1. Return the residues of the stretch 57-72 that are assigned to a loop (DSSP other than H, G, I, E, B) and either within 16 Å of Phe113 (Cβ to Cβ) or touching a helix residue (DSSP H, G or I) at 6+ places or on another chain (Cβ under 6 Å) (or both); say none if nothing qualifies.
2. Could you list all residues from the stretch 52-96 that are over 30 Å from Glu37 (Cβ atoms), of a type outside the set (Gly, Ala, Ser) and open to solvent by 40 Å² or more (accessible area, probe 1.4 Å)?
3. Looking at the stretch 31-51, can you tell me whether even one residue there is of a type in the set (A, V, I, L, M, F, W, C) and open to solvent by 80 Å² or more (accessible area, probe 1.4 Å)?
4. Report the residue count in the stretch 87-119 for those that are farther than 16 Å from Lys44 by Cα and either assigned to a helix (DSSP H, G or I) or out of contact with any Leu (no Cβ under 7 Å at 6 or more places or on another chain) (or both).
Amino acid sequence: PPGSLVLERLVPEGVSIAGLLRRVERLSAVGSPVVSELTILYCKLAAPLANLVMALIGAMMVLLMRGGSRVLNFGLAVVVGFIFWAAVIMGQSLGEAELFPPLIAGFGPLVIFAFFSLLGLKKARVF
């Protein structure tokens, strides 16, 4: 029934993955755009992987910067962490604005940072 389709602004923090999937299904059934919901869905699915990527970034930084000042290394780690989270948030915003496809908006920043971290680990001769 039309009364069950509420098209209010979606609050990402308050909706589960299952709720997002139901909403995408209902909106798709009536022909409404679902880009924003898909972007939020992919960002929610990518969020647990962000912790692994941060650990990968940290490992790469530790192995590449063995010498030097501890304060400088700590400051650099904080800056890189902020850049990472800014990229994640920017990806979500660009996806919701339909400038990036939802899948790339959700997982793109993680893939890019993981790729460069793996390159750094290769340079440090970890594998």
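1. Listed by number, the list holds a single entry, Met65.
2. If the condition is that a residue be over 30 Å from Glu37 (Cβ atoms), of a type outside the set (Gly, Ala, Ser) and open to solvent by 40 Å² or more (accessible area, probe 1.4 Å), then Val62, Leu63, Leu64, Met65, Arg66, Arg70, Val71, Leu72, Phe74, Leu76, Val78, Val79 are the ones that fit.
3. No, the stretch 31-51 contains no residue that is of a type in the set (A, V, I, L, M, F, W, C) and open to solvent by 80 Å² or more (accessible area, probe 1.4 Å).
4. Of the residues in the stretch 87-119, 11 are farther than 16 Å from Lys44 by Cα and either assigned to a helix (DSSP H, G or I) or out of contact with any Leu (no Cβ under 7 Å at 6 or more places or on another chain) (or both).
The values are calculated or read from the model by the stated rules, or taken from the named source; none is laboratory data. Nothing here was measured: the structure is a model prediction, and the numbers come from that model. Please note: Cβ atoms are built from the backbone with ideal geometry, for glycine as well, and neighbour counts cover all protein chains shown. Surface areas here come from the heavy atoms of the whole protein model, side chains and all, with no ligands, DNA or RNA. Shrake-Rupley method; radii C 1.70, N 1.55, O 1.52, S 1.80 Å.
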